Amino acid sequence: MKYAWTLALTLSVTVVCVPAVNAQPKKEDPLAEKVRQSIRDGVKYLRDQGKDGNWETEVSSKLFPGGWTALAVLALLNAIDEPLKDPVVMSGIRTLRELKANSTYTVSLQTMVFAQAGQKEDKERIQKNVDWLLETRMENGWTYNRERMKGGVPDGSNTQYALLALHEGRRAGATVDPKVMKEIETMYVRLQNKNTGSWEYSSFEGLTGGRFTMTTAGACGLLITGMNLEQEHKNLEADGSDKKCGKYDDNVPLARGLKWLGDRFPAKMESSRLMEQQLVPPFYCLYGLERAGRLSGQRYLGDKDWYRIGCEFLVANQSKEGYWKGTVLGTNVPGEPWPVVATSFSLLFLSKGRTPVLWTKLAWGEREERGWNNKHNDARNLTEFASRELFKNQPLAWQVFDVRGHDATTKDSRLQLAEELLQSPIAFLSGHYLKLDAKQTDVLREYMANGGFLFAEACCNDKEFDRDFRKLMQDLYPGSELTPIPDGHPVWSARFPLVRGQPFQLLGIQQGCKTVVVYSPQALAGYWEANTFETNDKDKDRGKKAFQLGANVIAYATGLEPPKPKGYEIPIARDSKREHIERGYLKVAQLHYEPKNGSEWQPAPKAMRNLMEECRKVGIDTVLETRAISPLDENVVDYRFLYAHGRNGIKVSPTEQLKTLRFHLEENGGLLFADACCGSKEFDESFRKLIEALFPNTKLEPIPLSDDLFSKELNGVAITSVRCRREGPDGKTPDTEFRTVAPALEGIKIKGRWVVIYSKYDIGCALEKHTSSDCKGHDYESAVLLGKAAVLYSLKR
């Protein structure tokens with residue numbers, strides 16, 4: 001006998017002594033919340049110190065007039081949301097406009113402030129400052145000011161700030177001769193310690209084994225000059241390939257410098273050992289470290305998460321008044337003795353390092369393998385384009401995720417790495433070939449299984465990479481094949497209207513309702529690296545289309561939702577060690593219906609698993625286990641919480657065949673929770689027919705906000721709004737953004753109790769973290785909020 005429905009037992013949760021819980025989803029881990037509060041406290045301190053737009057003291061006025069003000073304003077520009085609306089920030093910018101700076105530090109910081117603020121009236125000031133810096137440059141960099149050029153000794157600290165200013169000034173439109181950047185790059189290579197890969201304070205200091213602060217400055221110098229010397233990789237072939245692919249002059253010196261830093265950066269910054277660790281002065285040191293990590297895209301230095309380690313140190317060493325200063329709290333370790341300076345450096349580290357990571361380049365191969373990074377600036381340039389075109393200029397970052405230095409020999413350690421990778425919504429693979437070892441493959445597999453998205457490209461159209469990538473996909477998705485992404489798929493229209501095959505083709509792998517892998521066998525990254533829309537191909541728009549296609553893929557993968565700030569963790573459910581289901585446990589089940597046209601019945605197979613993992617966090621004991629049973633079986637009454645989710649229509653059984661299910665819902669305390677996958681109209685129509693068959697003469701009705709389902713008593717917080725993408729202006733296609741709206745749940749109420757809770761807007765795909773830009777439905781947090789409410793409601797007698 002072929003059943004119209006079968007039941008898959010997926011999870012179990014306890015029903016005994018259910019505590020009063022707060023069902024508000026956990027948004028960030030404890031450290032991330034501490035960092036956010038630390039930034040708020042530091043901002044308040046700086047704002048209080050500079051209410052007149054001036055942060056100078058007698059000491060600073062003698063050393064570097066205007067320097068403290070420029071540093072403080074730069075920190076506030078990065079640490080405050082919408083800083084140009086802040087009166088203290090704007091007062092500080094006006095002060096800097098009136099300042100006639102004459103020191104390298106002050107001119108550099110002033111330039112960075114003007115460039116980041118982006119005000120048209122400061123363009124001439126930026127160019128004037130850039131010209132001043134170019135005039136005061138010496139053979140080995142910069143010294144303190146023009147007067148000290150005669151007989152003065154350039155140093156790595158002044159030089160790094162001058163170079164930062166040239167870089168930001170150039171980005172803001174100032175003119176800098178590329179020959180100058182090449183000369184500076186050559187200088188950094190010349191001054192590097194050949195034996196260690198480190199840098200000293202100055203060329204006259206002698207070999208001391210290197211300084212941590214100056215080695216971060218040297219690595220940043222090579223990174224910045226490399227970014228500003230893109231011309232060598234602009235001349236692409238007609239097919240997008242590059243004859244100089246992967247060839248960069250700074251490869252070896254930069255790699256040696258970063259390795260030196262990684263070998264010496266500690267797994268924990270201990271106040272009593274900062275001298276030994278060379279992390280003195282610590283706040284200045286951390287700001288330099290943040291630049292090196294951010295500009296290189298390195299998530300790790302060696303196997304250490306530099307941002308987390310720095311955050312832990314700063315949170316622990318912030319004063320109650322919100323500032324950092326002088327000696328590290330409770331120790332004799334020296335640091336910056338001035339609170340404004342130390343607090344500014346600390347805020348720059350915390351705020352800039354916290355920038356959400358949109359795009360992750362996956363490192364692969366042996367430890368010294370560089371074939372995964374043939375294009376140094378592709379991710380950076382595409383991320384900037386996406387920030388501008390998709391996310392309203394919100395600051396976004398990219399990163400390199402390199403697990404090769406990690407001793408991830410256990411399942412749990414690899415799951416932890418996958419959790420860290422999940423902070424970025426898009427992982428990227430590229431190369432002329434592809435060699436992932438077992439550890440790298442396992443981390444990627446867990447990332448993909450828990451909501452990750454993979455974008456891949458055959459660098460320079462390489463056939464060997466194509467072969468290797470297809471083998472990898474067979475390993476990750478047995479039985480699935482890379483198939484052409486058809487016309488009408490959102491990757492061709494999510495932001496820019498493009499035509500498949502003109503000039504690019506894409507392949508993909510579909511899982512449930514979403515394409516989770518997008519692969520281009522044609523070269524794309526070369527255009528991103530060149531950072532220009534001009535090409536040598538007959539199709540003059542090929543470079544432009546490569547950027548637009550990349551943006552469309554990003555829009556589809558993210559659902560046009562920017563990622564969370566760094567530090568926001570997305571935990572992966574660990575399998576339960578429980579071997580059997582004890583009596584007294586609620587058995588949660590997903591209904592396996594027979595779909596029309598042979599389509600898939602379970603487009604979001606991990607939705608309930610993830611929901612139950614969230615339920616664990618509020619004190620509900622759960623067991624992750626999968627079983628199957630038909631609702632036509634008399635044992636269906638054992639499953640109190642039933643879930644249904646689909647994209648296509650359902651073949652509805654006659655009313656008399658649904659009597660067991662109806663009895664269970666009406667008389668036995670069962671609850672059916674359902675939603676339409678991505679707001680599918682076809683599922684919505686057929687589900688309503690199912691309800692008519694289950695409950696003749698009864699229709700779904702709106703559940704009011706005043707109902708117990710949304711109450712504070714049940715959920716710990718009243719549910720009054722959710723974030724949901726609904727119909728756009730045309731009433732058919734989805735809106736382009738999630739909007740804050742009242743929940744729109746419907747239900748069937750019998751004997752004073754909801755026995756059916758239904759959402760015509762998607763919940764399941766959101767729970768699986770596989771929502772896309774064409775999905776009418778909730779974001780993850782809102783899906784969890786509503787799902788928990790339904791589970792808690794089902795536990796009520």
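The values are calculated or read from the model by the stated rules, or taken from the named source; none is laboratory data. Only a predicted model underlies this, so the values are computations on that prediction, with no experimental measurement involved. Counting neighbours? That spans all protein chains shown, and the Cβs are built from the backbone with ideal geometry, glycine included. Each accessible area value is taken on the protein alone, full model and side chains, heavy atoms only, with ligands, DNA and RNA left out. Shrake-Rupley method; radii C 1.70, N 1.55, O 1.52, S 1.80 Å.
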Worksheet item: Looking at (1) of a type outside the set (Phe, Trp, Tyr); (2) under 29 Å from Ser198 (Cα atoms); (3) assigned to a loop (DSSP other than H, G, I, E, B), can you tell me which one Gln160 breaks?
Response: (3)
Worksheet item: Here is a list of conditions, (1) surrounded by fewer than 16 Cβ atoms within 10 Å (Cβ to Cβ); (2) assigned to a helix (DSSP H, G or I); (3) charged (D, E, K, R), and Glu168 meets all of them except one; can you say which number that is?
Response: (1)
Worksheet item: If you take the residues of segment 394-409 that are polar (S, T, N, Q) and either buried (at least 21 other Cβ atoms within 10 Å of the Cβ) or at pLDDT below 90 (or both), which of them is farthest from Ala551 (Cα to Cα)?
Response: Thr409
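Output the residues belonging to segment 605-622 that are farther than 13 Å from Ala589 by Cβ and either at pLDDT 80 or above or not polar (S, T, N, Q) (or both).
Once the filter is applied, which keeps residues that are farther than 13 Å from Ala589 by Cβ and either at pLDDT 80 or above or not polar (S, T, N, Q) (or both), segment 605-622 yields Pro605, Lys606, Asn610, Glu613, Glu614, Cys615, Arg616, Lys617, Val618, Gly619, Ile620, Asp621.
Within segment 468-479, can you find the residues that are open to solvent by 10 Å² or more (accessible area, probe 1.4 Å) and either in a helix (DSSP H, G or I) or within 22 Å of Thr409 (Cα to Cα) (or both)? Reasoning before the result, please.
First, pick out the residues of segment 468-479 that are open to solvent by 10 Å² or more (accessible area, probe 1.4 Å): 468, 470-472, 474-479.
The answer is Asp468, Arg470, Lys471, Leu472, Gln474, Asp475, Leu476.
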Response to the item:
Of the residues in segment 685-710, those that are at pLDDT 90 or above, open to solvent by 90 Å² or more (accessible area, probe 1.4 Å), in a loop (DSSP other than H, G, I, E, B) and of a type outside the set (Lys, Arg) number 1
Worksheet entry | Looking only at segment 434-459, and only at residues there that are in contact (Cβ under 8 Å) with a residue 60 or more places away in the chain and part of a helix (DSSP H, G or I), the one that is nearest to Ala555 (Cα to Cα) | Met448
Fill in: Leu133 without any contact (Cβ under 8 Å) to a residue 40 or more places away in the chain and open to solvent by less than 20 Å² (accessible area, probe 1.4 Å)
yes
Worksheet entry | Positions within segment 260-313 being open to solvent by less than 10 Å² (accessible area, probe 1.4 Å), closer than 21 Å to Val341 by Cβ and in a loop (DSSP other than H, G, I, E, B), in sequence order | Leu274, Leu279
Practice prompt. Can you tell me which residue within segment 492-538, out of those that are among the hydrophobic types (A, V, I, L, M, F, W, C) and part of a helix (DSSP H, G or I), is modelled with the lowest pLDDT?
Written response: Ala530
Discussion item. Could you tell me how many of the residues in segment 352-403 are basic (Lys, Arg) and either over 25 Å from Tyr568 (Cβ atoms) or assigned to a strand (DSSP E or B) (or both)?
Written reply: 4
Practice prompt. Pull up segment 174-199, narrow it to residues that are open to solvent by less than 20 Å² (accessible area, probe 1.4 Å) and not in a helix (DSSP H, G or I), then point me to the one that is nearest to Gln119 (Cα to Cα).
Written response: Ala174
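Each row is one residue, and each column tells you yes or no for (1) within 30 Å of Glu768 (Cα to Cα); (2) open to solvent by 10 Å² or more (accessible area, probe 1.4 Å); (3) touching an Asp or Glu at 6+ places or on another chain (Cβ under 8 Å).
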residue: Cys460; (1), (2), (3): no, yes, yes
residue: Asp466; (1), (2), (3): yes, yes, no
residue: Leu506; (1), (2), (3): yes, no, no
residue: Ala523; (1), (2), (3): no, no, yes
residue: Asn552; (1), (2), (3): yes, no, no
Worksheet item: So which residues in segment 759-784 are surrounded by fewer than 23 Cβ atoms within 10 Å (Cβ to Cβ) and over 22 Å from the mean Cα position of the chain (by Cα)?
Response: Lys760
Worksheet, complete the sentence: So, first residue over 16 Å from Asp462 (Cα atoms) in segment 500-528, second residue aromatic (Phe, Trp, Tyr) and open to solvent by 10 Å² or more (accessible area, probe 1.4 Å), Cβ within less than 6 Å, six or more apart or across chains; the pairs are Arg500/Trp492; Ile509/Tyr477
Fill in: Residues of segment 714-746 classified as free of Cβ contacts under 8 Å to residues at least 40 places away in the same chain and either in a helix (DSSP H, G or I) or among the aromatic types (Phe, Trp, Tyr) (or both), total
0
Worksheet item: Out of segment 218-254, which residues are modelled with pLDDT of 90 or more and either under 19 Å from Asp177 (Cβ atoms) or assigned to a helix (DSSP H, G or I) (or both)?
Response: Gly218, Ala219, Cys220, Gly221, Leu222, Leu223, Ile224, Thr225, Pro253, Leu254
Practice prompt. Could you check how many residues of segment 747-758 are open to solvent by 10 Å² or more (accessible area, probe 1.4 Å) and either among the charged types (D, E, K, R) or in contact (Cβ under 8 Å) with a residue 24 or more places away in the chain (or both)?
Written response: 4
Worksheet entry | Among residues of segment 248-307, those that are of a type in the set (D, E, K, R) and free of Cβ contacts under 8 Å to residues at least 60 places away in the same chain, counted | 7
Fill in: Residue check, Glu56 modelled with pLDDT under 95 and open to solvent by 60 Å² or more (accessible area, probe 1.4 Å)
no
Worksheet entry | So Gly141, is it touching a residue at least 60 places away in the same chain (Cβ under 8 Å), surrounded by 16 or more Cβ atoms within 10 Å (Cβ to Cβ) and more than 29 Å from Gly50 (Cα to Cα) | no
